[in-house]
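Colleague: Pasting a structure below so you can have a look.
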Amino acid sequence: MEPMRLRPMEPEDRSEVAELIYVSLNYYYEVHGMSKTFTAGPASTEVFFDVYEALDPGCGVVAENERTGRLMGSCFFHPRPQHVTLGILNVHPNYFGRGVARAMVAHVIDYTETHGHPALRLVQSALNLDSYSLYTRMGFVPRSAYQDMILTVPPSGLERKAPGEEHVRPAAADDVAAMASLEMEVAGITREKDYGYLIQNGEGIWDALVWEEPGSRVEGFLFSVKHPALSMLGPLVTRTEGQARALIARALDRFRGSGVVFVVPVECDELVRHLYAWGARNCELHFCQVRGRFQPFRGVSMPTYLPETG
């Protein structure tokens with residue numbers, strides 16, 4: 001085993017971390033007979049470093065080979081009022097199975113406990129049983145399962161509108177407090193920093209929608225990202241599957257003529273049926289894993305991978 005040390009992620013690690021994300025995820029999926037996750041080159045995955053660093057400066061850790069100075073692995077994490085999210089974690093294929101991931105997860109667990117956060121959360125591929133075993137052995141408990149779905153939106157858009165679309169409008173900065181209140185009720189967590197950052201849309205890659213009847217309060221919200229590295233819907237939080245369907249239908253309009261991924265709770269059978277009817281197909285499964293306090297979901301909650309939302 002090469003000598004390894006953990007250290008904080010630094011700005012000068014940006015390009016190497018992006019290449020590590022690109023290489024490690026593509027290698028994993030290809031070796032298991034699946035398509036590459038990223039196809040636009042390593043420069044495209046620099047967006048992960050940029051977004052995570054903008055949201056939570058200094059909240060990244062890398063495992064460095066002490067002999068060569070090269071990175072063996074990298075991990076982001078996101079402290080929030082009720083929890084910490086374990087963000088995208090990658091290990092270079094040369095060091096799979098060498099304890100690199102375990103060391104970085106242990107670092108984030110220590111951070112979570114030292115800073116008094118009641119929970120550490122993540123969303124993890126159900127196909128990667130090595131990661132599943134690692135997380136469960138380290139105290140994480142699977143709390144929810146998701147269907148990863150992909151949909152290629154026709155160039156002309158969806159043929160039919162969803163009931164309730166008339167209640168969907170663009171989100172504004174004034175909606176942040178209501179969004180936080182809704183997610184606290186539905187999921188027991190809040191992420192006001194995330195909502196504000198995504199609504200501000202400094203990179204020009206985000207879109208934000210809310211579901212609100214006239215004279216009422218915000219009953220749902222949905223963000224989406226459209227970037228060469230990732231086109232995805234989420235995070236989404238609503239009280240009902242009907243509200244989720246209306247938000248998704250409106251959000252899909254920005255992806256006309258291209259594909260988009262979203263992660264839907266398996267128990268949302270009515271929503272899933274409608275997504276199938278629109279042409280969605282399954283591409284993977286994921287688990288919500290939580291180490292520590294957890295409130296069962298009281299509505300619909302769809303996570304995303306940029307930023308990782310747990």
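Colleague: Under the condition of being of a type in the set (Ser, Thr, Tyr) and touching a residue at least 40 places away in the same chain (Cβ under 8 Å), which residue from the stretch 251-310 is farthest from Ile205 (Cα to Cα)?
Modeller: Taking the candidates together, the pick is Ser301.
Colleague: Then there's this: If Phe140 satisfies every condition in (1) outside the structural domain of Asn282 (by TED's automatic domain parsing); (2) without any contact (Cβ under 8 Å) to a residue 12 or more places away in the chain but one, which is the exception?
Modeller: (2)
Colleague: Right, here's the next one. Could you check how many residues of the stretch 181-212 are part of a helix (DSSP H, G or I) and under 16 Å from the mean Cα position of the chain (by Cα)?
Modeller: Qualifying residue count for the region: 8.
Colleague: Can you find a residue in the stretch 118-136 that is touching a Gly at 6+ places or on another chain (Cβ under 7 Å) and not in a strand (DSSP E or B)?
Modeller: Yes, the stretch 118-136 contains at least one residue that is touching a Gly at 6+ places or on another chain (Cβ under 7 Å) and not in a strand (DSSP E or B).
Colleague: Next question. If you take just the strands (runs of 3 or more DSSP E) that sit entirely in the stretch 257-303, which of them hold at least 1 residues that are aromatic (Phe, Trp, Tyr), touching a strand residue (DSSP E or B) at 6+ places or on another chain (Cβ under 8 Å) and farther than 24 Å from Gly139 by Cβ?
Modeller: 259-265
Colleague: Identify the residue in the stretch 165-180 that is in contact (Cβ under 8 Å) with a residue 24 or more places away in the chain and in a helix (DSSP H, G or I) and, among all such residues, is surrounded by the most Cβ atoms within 10 Å (Cβ to Cβ).
Modeller: In this case the residue turns out to be Met179.
Colleague: State all residues of the stretch 192-222 that are among the small types (Gly, Ala, Ser) and under 16 Å from Gly299 (Cα atoms); if no residue qualifies, say none.
Modeller: Once the filter is applied, which keeps residues that are among the small types (Gly, Ala, Ser) and under 16 Å from Gly299 (Cα atoms), the stretch 192-222 yields only Gly220.
Colleague: Next question, about the same structure. If you take the residues in the stretch 56-81 that are surrounded by fewer than 18 Cβ atoms within 10 Å (Cβ to Cβ) and under 21 Å from Val290 (Cβ atoms), which one is modelled with the highest pLDDT?
Modeller: Pro79
Colleague: Applying the selection to the stretch 49-103, what residues are more than 21 Å from Asn201 (Cα to Cα), outside any strand (DSSP E or B) and in contact (Cβ under 8 Å) with a residue 60 or more places away in the chain?
Modeller: Glu66, Arg67, Thr68, Pro81, Gln82, His92, Pro93, Tyr95, Arg98, Gly99, Val100, Ala103
The values are calculated or read from the model by the stated rules, or taken from the named source; none is laboratory data. In this text, all values refer to a predicted model and were calculated from it rather than measured experimentally. Every residue, glycine among them, receives a Cβ derived from its backbone with ideal geometry; neighbour counts consider all protein chains shown.
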